[in-house]
Every structure is written in structure tokens, then in C-alpha cells.
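Shown next, in C-alpha cells, is the structure this report addresses.
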Amino acid sequence: MLIKITAITALLLTSTVSFASPATSLPIATFAQLAQLAQQQSHKTPLQIIDCRNSNFYNGWPEPQQQRGGHIAGAVNIDASWLKTLDTSAFKTLLRDKHLQSTLPTYLYCSADKAQQLSTALQAQGYKSLTTIDQPLNLYHGQLSALPNFQQLVPASWLNELINGKHPRYAPKHGYKVVEVEWGPPVKYLLDHIPGALYVNTNTIESKPWWNKVSNTALAKVIANLGIRYDTTVILYARNNMSAARFANFLMYAGVKDVRLLNGGWTAWDNAGYPTEHLPNYNQHPVTFGKKIPANPQYLIDTNQVKALLKKPVNQQSVVSVRTWPEYIGETSGYDYIKPKGRIEGAKWGHAGSDSYHMQDYLNPDQTMKSGAEITAQWAQWNIKPNQDVAFFCGTGWRASEAFFFAHILGWKNISVYDGGWYQWSANKNNSIAEGTVAPASVH
């Protein structure tokens, strides 16, 4: 697909870089010249626009000393910093999956050093018509695109300012807690964690046999012990953000109004080189939640609710399998403790990653959330739309929770996680199961 000034592209894969050939001096343009050229060429050769800034700025966070954030409509996000972790093959894959073409006029906007890095890599791949825009984005006079709830996906720089007593944009209004969420004892947490962060072992919020949410009473106790009220801002992170997203789903279900996820999780904090600590933190003052739990029961659904959802017309609902393709078509269960293979009959494929512990289809090379347009496009292929009732599931809820939270960032309203997931569904032989390859068109 060719990328025009208003086009939006799909899918990115991640993968490890050195680009040899030096870049030549590039032409420089202004945003006004770009807009004029785009208008002149709207019916001729399309333009390619690459936003080579940090993905947080692309999503909607304003850069320092700027008043608005977001990106030019149709711009593709390739943070030049990703080049550090991409080898030549992975970079080629990224360009292909962004639907970029070396023969088209390509415009880059970011800082001069980043633009130089990316242009060098692009020239090595045969891109010849490259132009940089040597202006801050606040000089762009058109409307910028941003994720509806980008404030809930916070940059490491924002969190660093917050915990150092500054008052960043979109700061918490009623106090905050930073929480690391992992499975098992706090082994890595005790070696290094974000200053002030509390710790949650997922064994305290999930219960056997299906690893579903614990009882509301037990969940309320965990929340109270963390010192969280319904109006407390909670910033979550993990070494792999799936576990943090799992707790985010439970907190939203309980009724916490302002739940945020550190974009890129621990990786983002570590990459930025911000200070860490190793002594554990404990909340000293348990609090009353302030609302009856759950305040938002719609965010978690059970097996009977899934069955009811599947009875709706296919254009009105989506039961979304956030699992690998081999899991979806029944080649593997994805887990050593789950024996049955296949999918919930009627479920649509929501993409995931290489295995049950990764979500590459949703993440940039630096583990931040992939662009909203790309995620939306990969869902739309399977008729998963924002105006539907959408329930995400995976094996036991972790991957589904990350997809759920990204849908929340995208502003989707009628979303939920099927708590039991494939584990609970497949354990009952009376539940309908399907196997085999299915094309996206067949679920439309």
C-alpha cells in the first residue's frame, strides 16, 4: 500500500545493528513546504512521512517546551533509537511491514542527529529521495493525530519527573503509587527497581485452578495494603508488561479511576539510565477503597458471558484470541500445563507474538506500544472494530490484558477480558472448539 499524506499503515515486527555507508547531506524543508507539496502531489506521486521521534511523542505527549503532541496524520513512526537493536535484516522487515518504498519521496522529522542516523540507514537500503524537516513540530499548523487516552501510557521521563517531586503534565490529582507486578517472589525487584515502587506478586491476585482473578474480598485486601483508593493514580510496570497489564485490568474492574502503564515497562526505565534502588518498599497505611468493588464489573467476563457474546451477529461482537497463530489454529496449546489445542469456536485472531510470553505484534523494538494505527489495522483485518462489544482472551489472561489496555489507550469503550481464557474454556468438553486455518475474510 502506498503511503499518502493522510494514509495510515499497518504492522511492524521486531527483532538486533550496524549500518555502514555514510549519509550524504540531505535537503531540508519546512512543514509549510511539505504541506504545499503534499497538496500538489495528492493525485500524483504519494509522499512518505516518517516521524523518527520517541513513540511517546508520536502517541500524543508534548515534547519539552512544546504545547502539543501527536504526529502528522499519515506519518509512520520509526524511532531512530531503534536502530541500536535492529540488524540489517530486521530493519528491512520493519520497512516492509511499514509499507515504505525506497522509490517514493520520503520526509523525516525529528531532531537533526536522529534524522541523520535514520537517513543513513535508509540510504543503505536504497532510499534516494530523502528530505528532513528542520523545525520543531509546534511550527506545524495542521491538526495533529494523537491516541485518545495517551495520558494513561506514560513515558519513563514523565515518571522520573513525578517521583522527583516535579509536577509534569497530566500529573496525578489525588496522590499516586508506583507498583511493579511480577510472578513469584521479588527476586529481580530486590536487585533493582524504580525508586519508591511497591511490589505485587501475581500469585496474590490470581487463584487456582484457572489462574483467574481472586475473590473480590481478596482483591480488595491487596489493593488496601498497597494504599490505593479509587481516586489514587496507579502507575504500573513490569519486566514484561503483560503482568502489569493484568493487574491494570483488575484495578479498572475494581474501580480505580486513573490506572496508567509505563510505556515500555522496566526496559524503558533501564534504557533511559534513570536511578534505581534495591531496598523493598512497603505501604505503611492501608486505606479504605472508597467504593464498592467491583465498580466496573464489565471489564471482566466469564464463560457464560462469552457464550452470550458469540450469539450476537459477527459485526456486533468480537471474541478475540490474543495468541500465536499456531495456538489459534490448534497446532499447539501454548502451555505445558494446558493440554487441549484449538480456539473458541467463533473467535477472531487478534495477533500476539512468537510464543505465550511475548507480544511482538503489539510492540515496537524498544518494547513500547506499537502505533495505534498499526494495531487497529491488524485487528480490522479480522473484523475487530471499536464499535463492537470486544472481549480479549489468551491462555490465562496476561496477553489478553495487554491487548485490552492498548484498546483502552485507543479509546475503545465496550472492552473486556475473558478471565478464564483458553485454559478454562477448553477444560469443559461441552464448550465449542474449532481447529485449522481460517482466513480473515471468513469471519467477516
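The values are calculated or read from the model by the stated rules, or taken from the named source; none is laboratory data. Just so we're clear, the structure is a prediction, and the values are computed from it rather than from any experiment. All Cβ positions, glycine included, derive from the backbone under ideal geometry; neighbour counts span all protein chains shown. Heavy atoms of the whole protein, side chains included, go into the accessibility calculation; ligands, DNA and RNA do not. Shrake-Rupley method; radii C 1.70, N 1.55, O 1.52, S 1.80 Å.
Things worth noting here:
- Charge tally for Gly436 (other residues, Cβ to Cβ under 12 Å; Lys, Arg +1; Asp, Glu -1): -1.
- Accessible surface of the chain [probe 1.4 Å, protein heavy atoms]: carbon and sulfur percent: 52 percent
- Solvent-accessible surface ranking, highest first, for Lys291, Lys128 at 1.4 angstrom: Lys128, Lys291
- Amide H contacts under 5 Å for Val214: Glu206, Ser207, restricted to partners 5 or more places along the chain or on a different chain, H placed in the peptide plane at 1.01 Å from N.
- Rounded accessible area of Arg68 (nearest 10 Å², 1.4 Å probe): 80 Å²
- Matching the structure-derived volume of the Cα convex hull per residue in Å³ against the labelled list [x] 181; [y] 149; [z] 127 gives the label [y].
- Distant-in-sequence amide contacts of Leu300, defined by a placed amide H-H separation under 5 Å and a gap of 5 or more residues or a different chain, comprise Val417.
- For a paramagnetic label modelled on Thr88 (point 7 Å from Cα along Cα→Cβ), amide N atoms under 12 Å away belong, within the stretch 106-125, to 124-125.
- Using θ = phi - 60° and Karplus 6.51 cos²θ - 1.76 cosθ + 1.60, couplings along the stretch 113-123 (whole Hz; Gly, Pro as x): 5, 5, 4, 5, 4, 5, 5, 4, 5, 5, 4
- Disulfide-incompatible cysteines by the Cβ rule (no partner under 4.7 Å) in the chain: Cys394
- Label point 7 Å beyond Cα of Asp270 along Cβ direction - residues of the stretch 190-205 with amide nitrogen under 20 Å: 190-202
- Computed from phi, the 3J(HN,Hα) profile of the stretch 350-355 under the Karplus parametrisation 6.51, -1.76, 1.60 (θ = phi - 60°) reads x, 6, 6, x, 7, 7 Hz, with x in place of Gly and Pro.
- Summary of the geometry: the stretch 194-265 and the stretch 111-185, compared by the centres of their Cα atoms, lie 25 Å apart.
- Filter on Lys84/Lys413; Lys307/Lys370; Lys98/Lys177; Lys311/Lys385; Lys98/Lys385 - keep pairs with C-alpha separation over 29 Å: Lys84/Lys413; Lys307/Lys370; Lys98/Lys177
- Ordering of 201-208, 403-410 by packing [mean C-beta count within 10 Å, highest first]: 403-410, 201-208
- Less than 5 angstrom separates the built amide H of Arg323 from those of Gly350, His351, all sequence-distant by 5 or more or on a different chain.
- Two-site FRET efficiency, Thr217 against His141, from Cβ-Cβ distance with R₀ of 60 Å, rounded to 0.05: 0.65
- The mean accessible area for residues of the chain, using a 1.4 Å probe and ignoring ligands and nucleic acids, is 43 Å² per residue.
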